[in-house]
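The values are calculated or read from the model by the stated rules, or taken from the named source; none is laboratory data. The structure presented is a predicted model; accordingly, all values stated were derived computationally and were not measured. Using ideal geometry, Cβ is built from the backbone for each residue, glycine included, and neighbour counts are taken over all protein chains shown.
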Amino acid sequence: MGWDFYADSRIDKQALIQKFREPGHLAPGYEMLDSVVVGNNFWYLMRAPSGEVTIGLNLMQSGGRGYGWGTKELDESMGPYEVNCPLHFLDKVSQPKFCAAEWREAVRKYHSAKAARPAYAEGQLWTTRTGLTYQLLEKLEARRGWRVVKVSTGMIYRAPFTHLAAMEYAGEYQAALKAA
């Protein structure tokens, strides 16, 4: 249950997505009902010959210089680690099998927590799982994230959105000073 990589450097993310959406990508008798790309995750709803509707996932990853992209195919019964599945997919699926029920609950929790997060703004404090706190200084151009300062050292870094997404909101900087 590993990854399949293409040795052809012309196979990029868009080429993979196109392959996934082609008729015949799924096993004979299976029908793709809907698909959405979230980051490097290709989520899809599929109907089995029995009529059962389940969620599938193709993880995608670059193979690096000189190689094409790779993919790993999973479905919800495997309880994938990824939980950014579109929420509306959960309304269209059949009864869960194996660990799909726990995974579906994790997807709902992910979307609930994401909806509760405030929008990023200058002056906010965000904390990592290891307890390090960063203050947002300024938004960088073209989806590059934010310039942040590590509160404990004063060191300035660039925090990509993927790193910020893993942090928890810790309040506003001014509020933190008043509490100290």
Residues that are outside the structural domain of THR162 (by TED's automatic domain parsing) and of a type in the set (S, T, N, Q): find the strands (runs of 3 or more DSSP E) completely inside the range 40-107 holding 2 or more of those. 53-62
Under the condition of being aromatic (Phe, Trp, Tyr) and touching a Phe, Trp or Tyr at 6+ places or on another chain (Cβ under 8 Å), which residue from the range 16-71 is surrounded by the fewest Cβ atoms within 10 Å (Cβ to Cβ)? TYR67
Every residue from the range 148-162 that is over 18 Å from ARG117 (Cβ atoms) and touching a residue at least 12 places away in the same chain (Cβ under 8 Å): VAL149, LYS150, VAL151, SER152, ILE156, TYR157, ARG158
Has the range 96-114 got at least one residue that is over 17 Å from the mean Cα position of the chain (by Cα) and either among the hydroxyl-bearing types (Ser, Thr, Tyr) or over 24 Å from ILE55 (Cα atoms) (or both)? no
For the range 144-169, which positions are surrounded by fewer than 16 Cβ atoms within 10 Å (Cβ to Cβ), within 19 Å of the chain's Cα centre (by Cα) and assigned to a loop (DSSP other than H, G, I, E, B)? ARG144, PRO160, ALA166
